[in-house]
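Data block below; observations after.
Where a number appears in this text, it was derived from the coordinates with a stated rule and is not lab data. Quick caveat: nothing in here was measured; it's all calculated off a predicted structure. Virtual Cβ from ideal backbone geometry, glycine too; neighbours counted across all protein chains shown.
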Amino acid sequence: MKFHFIKICCALFIVVFGMTACSDSNKEKQPNIIFFLVDDMGWQDTSVPFWKEETPLNKKFHTPNMDRLAADGMKFTQAYASCVCSPTRCSIMSGMNAARHRVTNWTLYKNQTTDNEDDVLVFPKWNVNGIQPVGGIERSTEVTTLPTILQQNGYFTIHCGKAHWGAKDTPGANPLNLGFDVNIGGHCAGGPGSYLGIHNFSAAWRNGGTIWDIPGLEKYHGKDINVTEALTIEAEAAMDSAIAAGKPFYLYMAHYAVHVPLEPHNPFYQKYKEMGLEEPEARYASMVEGMDKSLGDLMDHLDEKGLAENTIILFMSDNGGLSAHGRGGTPNTHNKPLNSGKGSAYEGGIREPMIVKWPGTVEAGSVCNDYLIIEDFFPSILEIAGVSGYQTKQVVDGQSFVPMLKQKGTTADGRDLYWHFPNKWGASGPGIGTTSTIRSGDWKLIYWYKDQHFELFNLAEDIGEKNNLVVNNPEKVEELAVKLSRHLREMDALRPLFKESGEPVPWPDEI
């Protein structure tokens with residue numbers, strides 16, 4: 001009897017020990033994830049060529065760490081986001097297309113629109129208060145966020161930098177309410193008052209108010225340091241906290257760079273002045289290189305901590321490069337060969353630089369030419385983390401691009417991409433307007449609400465969108481207009497009204 005009891009105890013020990021060991025083994029296999037998101041960085045604002053050939057813009061910028069990341073990972077040549085920041089960021093957090101979450105322009109103050117006035121259109125009551133963790137907040141969308149799901153599945157979640165998901169004085173303005181364990185510098189505003197510690201990262205020194213002040217970085221005030229560097233230092237410390245806690249981490253490294261104000265990032269600035277760049281361009285290029293140094297510092301930190309082989313890095317920008325104002329020069333040249341820039345439905349406003357490094361899974365130095373869109377990051381990151389069976393309050397529109405990473409399939413075949421911008425961004429310039437857009441294969445149709453005209457391009461033959469093919473392809477226009485309208489109706493999308501009559505502007509298939 002005693003011997004039998006000992007055998008039972010031993011068996012129980014083996015089972016319990018085996019379960020614990022298995023649990024620990026699974027935990028060890030959970031990868032760390034860094035989502036490195038840049039603000040307003042154009043497809044060409046890098047020495048990494050994302051087109052079929054190197055361009056003069058690639059030679060102007062110096063981004064050795066992006067080169068390093070691309071050499072170790074997969075470069076995506078047709079990655080898309082929204083044309084302005086908050087819609088993109090809300091899609092990342094929710095997996096929803098912008099037409100569905102209705103945060104279609106950038107947010108700031110509670111219940112206040114950021115649309116500019118228009119002489120023909122009245123803009124719809126879009127969700128100016130952003131995404132929220134709870135219901136009952138007017139003009140917002142309640143969502144189960146990406147970091148919340150990761151947090152529930154054992155991740156130490158770190159937000160560092162720009163948030164810009166919820167309006168001031170709403171819960172969504174604070175990353176801690178949206179599933180992050182740590183918040184470094186994130187709040188309601190979509191840009192910094194200043195990048196410079198000597199100005200306390202505030203616009204107050206130039207009478208720009210305090211709404212843009214970056215919170216939580218007071219220990220750097222008065223010091224000769226750029227906010228990009230300060231955020232990197234704090235991100236490394238937060239990663240170390242996760243390591244000390246024995247947990248995998250999700251670091252959402254969302255830099256304020258390279259958003260305006262354009263301020264010199266030393267010591268890189270002088271080099272670009274000596275290259276002969278105009279003042280705004282020299283400042284901008286130095287900010288890009290400062291951002292790139294942050295990427296390199298984080299990769300070096302992973303190496304030092306022995307974490308590089310178990311850490312996935314995803315690099316992306318939130319919208320196209322700034323071209324409408326603040327850069328000097330000729331706006332249409334800033335994102336060549338792409339047309340226009342931030343705020344536009346043209347490729348310069350929505351096509352972004354994207355790289356993914358996944359040691360042991362992604363082939364080093366590989367390239368993916370299949371297209372994808374920003375809401376795809378939500379299911380992709382959860383799949384990378386090994387999280388399945390999750391439930392969300394919202395409908396998830398994104399599709400995982402993990403098959404592309406593994407080169408075992410694609411989500412691009414037979415799939416159409418959609419953009420919806422029933423708004424008027426706070427700048428003017430070529431191609432900036434109120435639009436809805438579809439990309440279907442190589443074809444792209446843009447519908448302009450103000451005068452209800454179409455533009456049709458074949459991107460495989462005309463990446464610069466110079467040749468409007470509407471007249472010669474009426475059947476294709478009709479086909480895509482029907483698809484686009486069906487999508488907008490299914491999403492219960494908002495549309496602008498005519499100022500004179502108060503009637504809604506027709507859907508594309510009603511023209």
List the residues of segment 496-511 whose backbone N lies under 15 Å from a point placed 7 Å from the Cα of residue 478 along the Cα-to-Cβ direction.
-> 509-511
Whole-Hz Karplus couplings 3J(HN,Hα) for segment 366-383, θ = phi - 60° and coefficients 6.51, -1.76, 1.60, Gly and Pro as x, run 8, 9, 10, 9, 7, 8, 8, 9, 4, 5, 5, 5, 4, x, 5, 5, 5, 5
When 477, 143 are arranged by how many other beta-carbons sit within 10 Å of their Cβ, fewest first, they go 477, 143
Which whole-Hz ³J(HN,Hα) couplings does segment 500-508 yield from phi under the Karplus relation 6.51 cos²θ - 1.76 cosθ + 1.60, θ = phi - 60°, glycine and proline marked x?
-> 6, 9, x, 8, x, 5, x, 5, x
A chain fully extended from residue 219 to residue 408 at 0.36 nm per residue, minus the present Cα-Cα distance, gains in nm 63.2 nm
Cα gyration tensor shape for segment 405-510, rounded if a/c is under 1.5, else prolate or oblate = prolate
Put in order of increasing Cβ neighbours within 10 Å, starting from the fewest, 102, 206, 68 give 206, 68, 102
Provide the gained length on full extension for the span residue 388 to residue 451, in nm with one decimal, where the gain is 0.36 nm per separating residue minus the Cα-Cα distance.
-> 18.1 nm
Tell me which lysines have Cα within less than 25 Å of residue 293's Cα, excluding those fewer than 8 residues away on the same chain?
-> 59, 60, 75, 162, 219, 223, 271, 273, 305, 336, 342, 357
Listed by chain and number, the residues whose amide H is under 5 Å from that of residue 142, excluding neighbours fewer than 5 places away on the same chain and using placed H, are 132
Among 103-110, 147-154, 83-90, how do they line up from the highest to the lowest mean number of other beta-carbon atoms within 10 Å?
-> 83-90, 103-110, 147-154
Excluding residues fewer than 8 places away in the same chain, name every one of the aspartates and glutamates whose C-alpha is closer than 16 Å to that of residue 466.
-> 347, 442, 455
Count the DSSP beta bridges whose two residues both fall in the chain, then state the antiparallel fraction as a percent rounded to the nearest 5.
-> 55 percent
On a 0 to 90 degree scale, rounded to 10, what angle separates helix 227-244 from the longest Cα axis of the chain?
-> 30 degrees
Taking the Cα atoms only, what angle lies between the long axis of helix 2-29 and the longest principal axis of the chain, rounded to 10 degrees?
-> 30 degrees
For residue 321, residues with placed amide H under 5 Å, excluding near neighbours | 42, 43, 342
Degrees between helix 85-94 axis and first principal axis of the chain (Cα, 0 to 90, nearest 10) | 40 degrees
Suppose R0 equals 45 Å; then what is the FRET efficiency for residue 274 and residue 210 from their Cβ-Cβ distance, rounded to the nearest 0.05?
-> 0.80
Under 5 Å between amide H atoms, partner at least 5 residues away or on a different chain: which partners does residue 373 have, H built in plane at 1.01 Å?
-> 80
Please order 413, 72 by the number of other Cβ within 10 Å, starting at the fewest.
-> 413, 72
